[in-house]
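The values are calculated or read from the model by the stated rules, or taken from the named source; none is laboratory data. Model, not experiment: these values are computed from the prediction. Neighbour counts are summed over all protein chains in view; Cβ atoms, including those assigned to glycine, are modelled from backbone coordinates with ideal geometry.
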Amino acid sequence: MTTAPVVELESVAKVYPGPPPVRAVDGVDLAVAAGELVAVVGPSGSGKSTLLHLMGGLDRPTAGAVRIEGQDIARLPDRRLAALRAHRIGFVFQDFFLLDGVTALDNVAQGLLYRRVPARVRRERARTVLTRVGLGSRLGHVPAQLSGGERQRVAIARALVGEPAFVLADEPTGNLDTASSDAIVALLGELNGAGATIVVITHDLEVASRFPRRVEMRDGRITAGAAR
Amino acid sequence: MRSGLRARDAVAVSYAGLASRPGRSVLTALGIAIGIAAIVAVLGITASGRADLLATLDELGTNLLRVTPGQGVFSAADELPATAPSMLGRIGPVRQVTETTFVDAAVRRNDLISELETGGISVLAARPGLAGVLGATMADGRFLDDAAATVPAVVLGDVAARRLGITAFDPRPRVFVGDEWFTVIGVMEPLTLHPDLDRSALVGYDVAAALFDTEPAPTTVYLRAAPELVEDVVGVVAATANPENPDQVEVTRPSDALEARQAADEALTVLLVGLGGVALLVGGVAIANIMVMSVLERRREIGVRRALGATRGHIRTQFVLESVLLAGLGGVVGAALGAAITVAFAANQDFRVAVPLPALAASVGAALAIGAIAGLYPAARAARIQPAEAVRAA
């Protein structure tokens, strides 16, 4: 592949201070190109989540460089980093993190809230994306009225509504039963097929085995899959 | 490529934050509401009272002087010289003069009641001009006139009439003054500035002289002066009324008493507004407290918003706005409540309603300012939360 990586990590380390210091991520080199569907797999405590936060600009590395579409995030002020998250990155969390009491449509529309998009346009686009993830008939439901799998679809739609450069999903199937989990993996594959770049973190080897590229982590280091 | 939040969306986000915890929001806003309501009500009631008082003063006039025999250095007099009224009438700016003289007689409902039971009612000889000088109006009947001054007719003050049990005017009631039956020809409305006359029975000078040997020397002289020269008149009244012993003359201005009462009311108002201010302050602290708690509970929401692209500034704005909305809600409810209390109180007291609109606006403004200040610290804490930590699965 010749395309420039959308996100690239170079000798990245993240150390949490305090006795004893924890090297959550330790010398990681990784590049994800546009159009890829990557699973980062490893046992809990292996540093996957920290890696995902670094890739998404939610956290800054202690050492090394994280480049999102070529920009080194270490040099960006908070405002610019927030702008990068608003426009170029979509997040999906294990616990969905939807707003209670807010409809699926408005939850997804929140994905465009910090881009100064008018409310009407936000809703319109949210409707389109929700239909794409198969929830066209659930627009007016609040999270409490949706199943776990449906909630995760809403969260995925929220990550996708801004058409980001890439989507980072942290254990998106961690709280789901097998059937829902399979459906979410299938959905991610489908969205990837339509052009989305997706990085999924999982501790589930069975889930990971269904992704075209697997990066294995242990104790903050990549043990397999760093190179394409 | 920038991260931005439309103003309308910022308000909507903050409002949604409050609306998702309605019970807590209402209870928190209550403190501010009570403080504002207290301040607005106190200011409103005082303003209504003041408007009423000013109207009363306008009506009664502040140019009325009351001249009585005073406590001299060496002696005390019971009455003024008989010449006092005519002398006082010659002072240039004095426009009207009239006098009353104490009559040594008791007034009773009938002859079966002991003469010792006066009911605190004094009998005074009065001129027909008294009603005009005092601005007295009649609740019933008429005042003394030249004809009535020579016959056994009496006009009662408001309190006197009630104590004597005079309620109906048909047929003409009679009361027993001294040893004679007198016909009650009129009852006066209460006189705000002259409570002593409310407790009096007024008879004509001629009949008083004939029946009770009353001397013409007055016990009280009332005079109206040109309003702009009242102070000057006060200066010469004593020497004019009693040239021999000017120190035995006391001059008072009955409207001063009302003004003094008003000044006392104002001191109380300052105190009450101060208490309202304390309530506001406590309300502000309560808001800050609840907001800090809210920030702790909503770490995840903050994390998600940061992941969606919110800057630190957006998070700060969200929580400050929430606090401002909360206080503003309290302010508006409080102002409405205070205005309602004012209207109800004024209606109950028959005051003119004067809801002070500037105070209303200022108190809502103060509530908003308190909200903004109370929200600063919690908002700063919210903005400091690291996004990566906030989204970490619990």
>> Tell me yes or no: at least one residue of region A:102-114 is surrounded by fewer than 17 Cβ atoms within 10 Å (Cβ to Cβ), at negative phi and within 14 Å of chain B (Cβ to nearest Cβ).
In response: yes
> In region B:13-26, what residues are part of a helix (DSSP H, G or I), without any contact (Cβ under 8 Å) to a residue 60 or more places away in the chain and small (Gly, Ala, Ser)?
Replying inline: B:Ala16, B:Ala19, B:Gly23
>> Just the residues that are closer than 21 Å to B:Pro218 by Cβ, in a strand (DSSP E or B) and at pLDDT below 90, please, taken from region B:123-152.
In response: none
> Is there a residue being within 11 Å of chain B (Cβ to nearest Cβ) and in contact (Cβ under 8 Å) with a residue 40 or more places away in the chain anywhere in region A:147-156?
Replying inline: yes
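Check B:Phe182, B:Phe176 and return the single one that is closer than 18 Å to B:Arg127 by Cβ, assigned to a strand (DSSP E or B) and out of contact with any helix residue (DSSP H, G or I) (no Cβ under 7 Å at 6 or more places or on another chain).
Values: B:Phe176 fails: closer than 18 Å to B:Arg127 by Cβ.
Every option except B:Phe182 fails the conditions.
For every residue, the table says whether it meets (1) of a type in the set (Gly, Ala, Ser); (2) more than 30 Å from B:Val184 (Cα to Cα).
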{"site": "B:Val203", "(1), (2)": "no, no"}
{"site": "B:Asp206", "(1), (2)": "no, no"}
{"site": "B:Ala226", "(1), (2)": "yes, yes"}
{"site": "B:Val249", "(1), (2)": "no, yes"}
{"site": "B:Glu259", "(1), (2)": "no, yes"}
{"site": "B:Gln262", "(1), (2)": "no, yes"}
> Among (1) basic (Lys, Arg); (2) buried (at least 20 other Cβ atoms within 10 Å of the Cβ); (3) away from chain B (no Cβ under 12 Å), where does A:Arg122 come up short?
Replying inline: (3)
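Within region A:15-32, can one find any residue that is at the interface with chain B (Cβ under 9 Å from one of its Cβ atoms) and under 30 Å from A:Ala186 (Cα atoms)?
Here is the first cut: in region A:15-32, the ones at the interface with chain B (Cβ under 9 Å from one of its Cβ atoms) are none.
So far as region A:15-32 goes, no, none of its residues is at the interface with chain B (Cβ under 9 Å from one of its Cβ atoms) and under 30 Å from A:Ala186 (Cα atoms).
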> Which is within 30 Å of B:Thr46 (Cα to Cα), in a helix (DSSP H, G or I), more than 14 Å from chain A (Cβ to nearest Cβ) and at pLDDT 90 or above, of B:Ala379, B:Ala367?
Replying inline: B:Ala367
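A quick yes/no check of all residues on (1) hydrophobic (A, V, I, L, M, F, W, C); (2) within 12 Å of chain A (Cβ to nearest Cβ); (3) within 11 Å of B:Ala374 (Cβ to Cβ); (4) out of contact with any helix residue (DSSP H, G or I) (no Cβ under 9 Å at 6 or more places or on another chain):
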| position | (1), (2), (3), (4) |
| --- | --- |
| B:Val278 | yes, no, no, no |
| B:Leu281 | yes, no, yes, no |
| B:Val285 | yes, no, yes, no |
| B:Met293 | yes, no, no, no |
| B:Arg312 | no, yes, no, no |
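Specify which of the listed residues (B:Ala29, B:Ala82, B:Ala10, B:Ala55) is more than 14 Å from chain A (Cβ to nearest Cβ), touching a helix residue (DSSP H, G or I) at 6+ places or on another chain (Cβ under 8 Å) and in contact (Cβ under 8 Å) with a residue 40 or more places away in the chain.
Details: B:Ala82 fails: touching a helix residue (DSSP H, G or I) at 6+ places or on another chain (Cβ under 8 Å); B:Ala10 fails: more than 14 Å from chain A (Cβ to nearest Cβ); B:Ala55 fails: touching a helix residue (DSSP H, G or I) at 6+ places or on another chain (Cβ under 8 Å).
Sole residue among the options that is more than 14 Å from chain A (Cβ to nearest Cβ), touching a helix residue (DSSP H, G or I) at 6+ places or on another chain (Cβ under 8 Å) and in contact (Cβ under 8 Å) with a residue 40 or more places away in the chain: B:Ala29.
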